[in-house]
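The values are calculated or read from the model by the stated rules, or taken from the named source; none is laboratory data. In this text the structure is predicted, and so the values were computed from the model without any measurement. Here the Cβ positions follow ideal geometry from the backbone for every residue, glycine too, while neighbour counts run over all protein chains shown. Calculation scope for accessible area: heavy atoms of the full protein, side chains included, ligands and nucleic acids excluded. Shrake-Rupley method; radii C 1.70, N 1.55, O 1.52, S 1.80 Å.
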Amino acid sequence: MIPKVPRSCPGPFYLQYRQDIDGLRAVAVIIILFYHAGLSNVPGGYIGVDVFFVISGFLITGLIMRAVAEERFRFSDFFLRRLRRLGPALLVTVAATLVAGWFVLPPNLYADTAGSAIASLLSVSNIYFWLQSGYFDTAADYKPLLHTWSLAVEEQFYLVWPAVLVLLAPVLRNRGLVFIIAALGLISLIVTEAILGRSPSAAFFLTPFRIYEFALGAVLALGRWQAPNVALDHIASMAGVLTIFYCAGTYTSDTAFPGLNAFLPALAAAAMIYAGPQAAMNRALSLAPFTYIGRISYSVYLVHWPLFVYAGFVVGVASTAVDVLVLIGLAMVLGAGMYHLVETPFRRTANGQFRIAIGGLVKTCGGATVAIVIACLVITQQRGVPQRFAPEMMALLADLDRAVDARTEATGEFSCSSTVNSEDVYFADFEDCLPDAQEGLIVVLGDSHAADVFMGLRAAFPVAPLVQLTGNGCNFTKDRDGESRCAPYMRYWRDWIGDNADRIAMIIYHQSGASLLEVSPGGGTQPSPALINQVNANLVHYAAEDVPFYIWGPRPRFNRTIAIAIIGSADKDALRQYYKPSEYRSDIVLDNALAELYRETRLKYLSVADIICTPLCPALTAEGKPYVVDNAHWSLEGATEAVRQIVATDPLLEAALTANASPETR
C-alpha cells in the first residue's frame, strides 16, 4: 500500500522523507542499467546521470546549510563523511576491475584501464577521459572504468561547493544566495550550449558544464520550496517522471548533449523533488522495492559498467532481451552485495559513533589507494604486461601496435583524411594530397573505412592516380548542408568533383556499415531505411554524369576487437577461426539489402563481404599479420590484401587502376 504523508510536515522533505529521494535514485539507476545493457527502448538512458546530479545538488546543499545554520559545519567532517560514503566501494570496484582485467584485457586496454584507475582515485577521471576523446579513441565498450567520470564530476563539486556556501552564507540573505546560485547555473547552461557544437566532449565530461544541474537541486534546497497544494503536487511529480521516461526513450547517441537537452530531464528531477513526499508518484516511488534499489544505487552504479564490459569481452555484446535482463540482474545482485559488505560497515553507527573510527577509515582507504596506485604504475610502465600471454600471441600484439601506427600514416590521418578539428590543415594542404596526373583520376570517397580503401589501393596499385576525399565519421548519412563537423568537408568534396568531373575516370564510395544500422525492437541491429535513404539523397550530388560510380559494400564489423581475439586464442590457427558469422550477421543482412537496392541502378555495387569472407571473415592476412587494427578498420597489410581481391573481381575497375602501370608491374 502506498503510504500517505500529511502536507503539514515542515521543511524540505529530505530531512524527514529520504525514501522519496531513494525512489528517484532508483529511477535514475534503472534507466542507466537498461541503457548500458543495450535495451533498445531506452536509447537515452544516459540521462540518469543528470538526475543524480540534481539529487546531489539538493542533498549536499541542504545538509551543508543546515550544519552552517546550527554552527556545526566543519570541512573535515564534511569530507570524511564523503569519504565514508564514496571511498570504500570505489576502491573495491577499482581493485576488482584490475584483477579481472589481468585475465581479460589485452595489453593496450589493460594499460589504459590502469591509467583510468589512478585518475578515478584522484577524482579526475572525467578530465582523463576528456583528454583521450577523439574519433579513434577506444570505444566505450572497452573502458571498464569509464563510468567513474560522473563520480569525478560529483567529487569536484563536493570540493568547491562547501567553500562557496560557507563564504557566501554569512554575507547574503537566503534570497540573495538563491539568486547567486541560480545565476551561476544559468551562466553554466548558456556556456555549455554555446560550446557544445565546438567541443562536445568537453561539454560532456567537464564539471563547469554540469553546474546548472547541481544548481537546480541547490536552489530547491535553499529556497525550501515545495508545491503549495495537493493538485500541483500530483501534477509536478507525474510530469517529472513522464519527462524523465520521455527523454530516456527518445534521446539517442545523436542528440546534442548536455546543454538544453540535459536541462530538460534535470528540470524533471527537480519537479519531482519540488512535488514533495505527498505527491502520488513520489509516494509510489517510496515503496520498499524502489527505496531499496535507491539505497544500493551507488554500489549498483559502480559495479554495473565493469560487469557489462567484461561480459562483452567474454561472451559477446548482449543481443537479446534475455541477455539484457541477465546482465541487469547480475548488476543488482553484485551491487547489493557491495552495499551490505562494503558500504554499510563503514557507515554503521553505535551510540552515535561510527563503528569504524576515523583512524581506521583513513588507514584503510589510504593504504588501499597507495597499493592500487603502485600496481597501476607497474601495469602502465610494463605497457599492459604482455608477458601474460604466449610468445606467439605477444608477437602478434607487437605487430598490432606497429599496424596501428602504420595505418595512421598510410591513411593520411590529420592531413589528407579529415578528422576532428583538422579544418585549417585539411583545406590549406588539400592540393598537396592530389596526384600529379591530370586525367584518369580515381576518386575514393567516404569515411574512415573509405580511407582504408584508399590506403590499400595506393599500396596495391602505386602508380594509379588516386584522389582521397575521406573523413573520419564523414559518411553520407550526414547532412552535407547542415552544421555538423562533416558538412564543410562534404560540401568541399561535392564542389571538387563537380569542378573536375571531366578529369575523373571513376568514383569509389565506401562507408562503415554500422552507420546504416539501427537497434531492432527484439535486440540486435537491422538496416535502417531512413539512413539508407539519406545516403541515396547525398549520392546523387556526387555521382557525376558518365563517370562510373562504384559502391563498395560494408565490411564486417566484429563484436570484439582483434586485440581481444588475439588474447582469447591459443595460437594463430585458433585466431583464424575466432570470428564466427554470428559476430557480423547484421552486416551480412545489410550487404544483401544494399546489393538488391542497387541491382537495377547505374551505380555498380560490389559486395566486400562476399569477396573477402571465404568462408570466414579474416582476422589475419595470408602472411599471418593482423588484418584489422580494431574491430573493423583494416591494417595496411589487410587493406592491401582486401583491395587486390576486390579489384580482381571487376575488369573495368582493374583496368582503370592499372592503366598507368608498366607491363611488368601490372
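Over the chain, what is the mean sequence separation of C-alpha contacts under 8 Å (at least six apart), divided by residue count, expressed as relative contact order in percent?
15 percent
Starting with the highest mean, order 446-459, 402-415 by the number of other Cβ atoms within 10 Å, averaged over the residues of each peptide.
Peptide ranking by packing, descending: 446-459, 402-415.
Cα to Cα, under 16 Å, and not fewer than 8 places away if on the same chain: which aspartates and glutamates meet these conditions relative to residue 478?
Answer for residue 478, where 16 Å is the Cα cut-off: 254, 447, 518, listed by chain and number.
Among the listed pairs 143/625; 604/625; 580/625; 143/580, which are separated by more than 29 Å between their Cα atoms?
604/625
Got a number for carbon plus sulfur as a percent of the range 140-208's accessible area, 1.4 Å probe?
C and S fraction of accessible area: 73 percent.
If you average the alpha carbon positions of the range 150-205 and of the range 369-395, how far apart do those two centres end up, in angstrom?
Using only Cα atoms, the two centres lie 39 Å from each other.
Based on alpha-carbon centroids, what's the gap between the range 212-241 and the range 627-650 in Å, whole number please?
What the calculation gives is 57 Å, centre to centre.
Mean separation of Cα pairs under 8 Å and 6+ residues apart, divided by the residue count of the range 73-217: what relative contact order is that in percent?
Value for the range 73-217: 22 percent.
Under a 1.4 Å probe, what is the accessible area of the chain per residue, stated in Å²?
Per residue, the chain has an accessible area of 43 Å².
Could you give the distance between the Cα centres of the range 243-279 and the range 19-91, to the whole Å?
Cα centroid of the range 243-279 versus Cα centroid of the range 19-91: 16 Å apart.
Could you check how much of the accessible area of the range 253-328 is carbon and sulfur, as a whole percent, using a 1.4 Å probe? Let's see the in-between values first.
Numbers: 1940 of 2670 Å².
Here it works out to 73 percent.
Which of the peptides 124-133, 337-346 is most tightly packed, and how do the rest follow, going by the mean number of other Cβ atoms within 10 Å of each residue?
Sorting 124-133, 337-346 by mean packing, highest first, produces 124-133, 337-346.
What's the ranking of 462-469, 25-32, 649-656 by average number of surrounding C-beta atoms within 10 Å, highest first? Don't skip to the answer; put the middle values down first.
On the way: 462-469: 20.9, 25-32: 24.9, 649-656: 15.2.
Packing order, densest peptide first, comes out as 25-32, 462-469, 649-656.
Once amide H atoms are built 1.01 Å from N in the peptide plane, which residues 5 or more positions from residue 605, or in another chain, come under 5 Å H to H?
When sequence neighbours closer than 5 places are left aside, the close amide H contacts are 551.
Percent relative contact order of the range 197-308, based on C-alpha pairs within less than 8 angstrom and at least six residues apart?
This gives 33 percent for the range 197-308.
Based on DSSP H assignment, which helices of the chain show an axial Cα extent of at least 24 Å together with a mean Kyte-Doolittle hydropathy greater than or equal to 0.0?
Once both thresholds are applied, what remains is 18-37, 48-69, 75-104, 148-168, 174-195, 230-250, 297-315, 321-338, 358-381.
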